[in-house]
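Shown below is the structure under consideration.
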Amino acid sequence: MTLLKLAIKSTLNRKASVLLTLCTIAISVMLLLSIERVRHDAKSSFSNTISGTDLIVGARTGDIQLLLSSVFRIGHTNNAVSWKSYLNIKERKGVAWTIPISLGDSHKGHAVLGTDATYFTHYRYGKKQHLAFQHGRAFHNAQEVVLGSDVANKLHYHIGQQIVISHGMGNTSFHHHDDNPMTIVGILAPTGTPVDKTLHIPLIAVDAMHKSSHTQPMMIGKKSQQNDHAQHQHGNTHQHAEDNNSHHNEHNEHNE
């Protein structure tokens, strides 16, 4: 009892230092819990955005920068992967499937993603859920675009309507691809991920919009068109170095 009384009297004599200590401990615990909550939310957000994917491969850049740009459509990278490098990755033993991704253009502040048919086949979100179409279908040629649900709802777009893609990732663009309008052929069902805020176009459409001269609509799947696309991606010195970032998702077949 004597020791307890001494401890109480000592504490009362040092009220300021005791209160300061208690406040410091409380702030430290609060920061620790906040960081843990942010870490958990970030991990949960990533898992809900993309699943069933083992690797995100891109040109030399920061890991976080590559992740944010390719998965969450935040920011952009300055380097691009050549088509030859992509084909080399795709043909590696142990790679079950790949999804080529090209970023750098936008439409009224929404990211435009260049890809191919494998995107709608292999892309997963949440608990390995497939992408589904609310209206329409996937693109078949270089003049067709598939919208995320938020884009269609916010801009009041519908199937059959034509839109124009803009150069650059900002909300304001000074260069529009007016000579290559895109026709809306599909609207994806809501996913609760950045897919809802993205416009999806074929990779060959990205080539067509950035060529000095445009050709007739190119049908996806024709051998001659694919070969021409591969040669252009490899030989084009532009490579969209400023804003066309190609990221490739690899899925190791041994993990399936």
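Quick one: check the C-alpha center-to-center distance for segment 124-174 versus segment 1-32, whole angstrom.
The distance from the Cα centre of segment 124-174 to that of segment 1-32 comes to 59 Å.
For the pair LYS154 and ASN13, how long in nm is the line joining their label points, each one 7 Å along Cα→Cβ?
Between LYS154 and ASN13, the label points sit 6.5 nm apart.
Hey, can you find the accessible area per residue of segment 1-65 for me, probe 1.4 Å, expressed in square angstrom?
On a per-residue basis, 84 Å².
Count charges around ASP150 for me, please; just the other residues with Cβ under 9 Å from its Cβ, Lys/Arg as +1, Asp/Glu as -1.
Overall, the nearby charge balance is +1.
Something else: Rg(Cα) of segment 1-42 divided by 2.2 N^0.38 Å?
For segment 1-42, the normalised Cα radius of gyration is 1.81.
Quick one: ranking ILE64, ILE201 by accessible area, 1.4 Å probe, largest first, what do you get?
Output order, biggest surface exposure first: ILE64, ILE201.
What length, rounded to one decimal in nm, is gained on full extension from ASP178 through to LEU31, with 0.36 nm per residue of separation minus their alpha-carbon distance?
Working it through step by step, the gained length comes to 47.9 nm.
What dipole magnitude, in Debye to the nearest 20, does segment 1-156 give about its Cα centre under +1 on Lys/Arg Cβ and -1 on Asp/Glu Cβ?
780
Can you give the accessible area of TYR157 in Å² (nearest 10), computed on protein heavy atoms with a 1.4 Å probe?
30
On a full-extension model of 0.36 nm per residue, what is the gain between CYS23 and LEU3, subtracting their alpha-carbon distance, rounded to one decimal in nm?
Working it through step by step, the gained length comes to 4.7 nm.
Can I ask one more? Hey, what's the per residue convex hull volume over the C-alpha atoms of segment 1-137, in cubic angstrom?
Looking at segment 1-137, the number lands at 247 Å³ per residue.
Now a separate question. Segment 69-216: Rg/Rh from Cα coordinates, Kirkwood Rh?
0.95
Compute, for ILE159, the solvent-accessible surface of its heavy atoms (probe 1.4 Å) with the complete set of protein chains present, and express it in square angstrom to the nearest 10.
Counting only protein heavy atoms, ILE159 exposes about 80 Å² to solvent.
Rounded to the nearest 10 Å², what accessible area does TRP83 have for a 1.4 Å probe in the complete protein model?
Accessible area, nearest 10 Å²: 40 Å².
Once the piece of chain linking GLN65 and VAL164 is laid out straight, how much longer is it, given 0.36 nm per residue of separation minus the C-alpha distance between them?
32.9 nm
The values are calculated or read from the model by the stated rules, or taken from the named source; none is laboratory data. Since the model is a prediction, treat every value here as computed from it, not as a measurement. Please note: Cβ atoms are built from the backbone with ideal geometry, for glycine as well, and neighbour counts cover all protein chains shown. When the accessible area is computed, the model is the full protein with side chains, heavy atoms only, and any ligands, DNA or RNA have been set aside. Shrake-Rupley method; radii C 1.70, N 1.55, O 1.52, S 1.80 Å.
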